[in-house]
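So the structure is just underneath, and the comments pick up after that.
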Amino acid sequence: MPEFTHHIFVCCNRREPGHPRGCCDPGGGAALREALKVAVGARKLGPLVRVNLAGCLEQCELGPTLVIYPQAIWYGGVQLSDVDRIVDQTICQNRILEDLLIPPAMLNTKGRGPGAIGPEPTNSTSTP
């Protein structure tokens, strides 16, 4: 079997409502993953394009998130309405969707930006 041209991992991690880090799959049905699978199938892109469920991708504050490999394209704030654009433009035309792209400097920073790797700062004025 040939290598995948695109392997899409969709975060389907769930957290309780109101969690400070957010939740990439609040409905719990992996709807985003399912919609991507349908779109890929409708365009007959398999077996070279694969869509998989992923656990937490650690980009929670920027979610819902997905990553496309081997290109290492990270998208955040993805909605069902973005699925056709992702498949048609990114997968089929190799175009980056700038409005969804998580810049490399934001990755692994808990949504706080460059230099924010590590635990979140504590507020010294708060009470326990």
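The values are calculated or read from the model by the stated rules, or taken from the named source; none is laboratory data. This is a predicted model, so every value here is computed, not measured. Cβ sites come from the backbone with ideal geometry, for glycine too, and all protein chains shown count toward neighbours.
Please go through region 86-117 and give me each residue that is charged (D, E, K, R) and surrounded by 15 or more Cβ atoms within 10 Å (Cβ to Cβ), ordered by number. Steps first, please.
Pass one, region 86-117, residues charged (D, E, K, R): 88, 95, 98-99, 110, 112.
Passing the criteria: only K110.
Count of region 1-34 residues, restricted to those that are touching an Asp or Glu at 6+ places or on another chain (Cβ under 9 Å) and among the small types (G, A, S), is 2. For region 25-73, residues that are of a type in the set (D, E) and at positive phi total 1. Going residue by residue through region 46-60, is there one that turns out to be modelled with pLDDT under 90, over 18 Å from F4 (Cβ atoms) and crowded, with 20+ Cβ neighbours inside 10 Å? Yes, there is a match, as at least one residue in region 46-60 is modelled with pLDDT under 90, over 18 Å from F4 (Cβ atoms) and crowded, with 20+ Cβ neighbours inside 10 Å. Restricting attention to region 84-98 and to residues that are aliphatic (A, V, I, L, M) and not in a helix (DSSP H, G or I), the residue that is nearest to I73 (Cα to Cα) turns out to be I96. The set of residues from region 6-19 being closer than 19 Å to A72 by Cα and either out of contact with any helix residue (DSSP H, G or I) (no Cβ under 8 Å at 6 or more places or on another chain) or part of a strand (DSSP E or B) (or both) comprises H6, H7, I8, F9, V10, C11. Restricting region 61-119 to residues that are among the basic types (K, R) and at pLDDT 90 or above, the residue that is nearest to E3 (Cα to Cα) is R95. Mind listing just one residue for me: the one in region 20-37 that is out of contact with any helix residue (DSSP H, G or I) (no Cβ under 6 Å at 6 or more places or on another chain) and in contact (Cβ under 8 Å) with a residue 24 or more places away in the chain and, of those, farthest from R85 (Cα to Cα)? Among them, the one singled out is C23. Checking each residue in region 53-67 for being in a loop (DSSP other than H, G, I, E, B), under 10 Å from the mean Cα position of the chain (by Cα) and of a type outside the set (A, V, I, L, M) picks out C56, E58, Q59, G63, P64, T65.
From the set of residues in region 68-83 that are surrounded by 14 or more Cβ atoms within 10 Å (Cβ to Cβ) and over 15 Å from R33 (Cβ atoms), which is farthest from the chain's Cα centre (by Cα)? Write out each step before concluding.
Taking region 68-83 as the starting set, the residues that turn out to be surrounded by 14 or more Cβ atoms within 10 Å (Cβ to Cβ) are 68, 71, 73-76, 78, 82-83.
Imposing the further condition that a residue be over 15 Å from R33 (Cβ atoms) reduces the set to 71, 73-74, 76.
On the way: Q71: 14, I73: 9, W74: 6, G76: 5 Å.
Filtering region 68-83 for residues that are surrounded by 14 or more Cβ atoms within 10 Å (Cβ to Cβ) and over 15 Å from R33 (Cβ atoms), the one farthest from the chain's Cα centre (by Cα) comes out as Q71.
Starting from residues that are part of a loop (DSSP other than H, G, I, E, B) and among the hydrophobic types (A, V, I, L, M, F, W, C), keep the ones in region 20-46 and report whichever is farthest from the chain's Cα centre (by Cα). Filtering region 20-46 for residues that are part of a loop (DSSP other than H, G, I, E, B) and among the hydrophobic types (A, V, I, L, M, F, W, C), the one farthest from the chain's Cα centre (by Cα) comes out as L45.
List pairs: first in region 48-59 and farther than 10 Å from F9 by Cα, second among the aliphatic types (A, V, I, L, M) and crowded, with 16+ Cβ neighbours inside 10 Å, Cβ under 7 Å, 6+ apart or cross-chain? Within 7 Å, the pairs are V49/V40; V49/I91; Q59/I102; Q59/L107.
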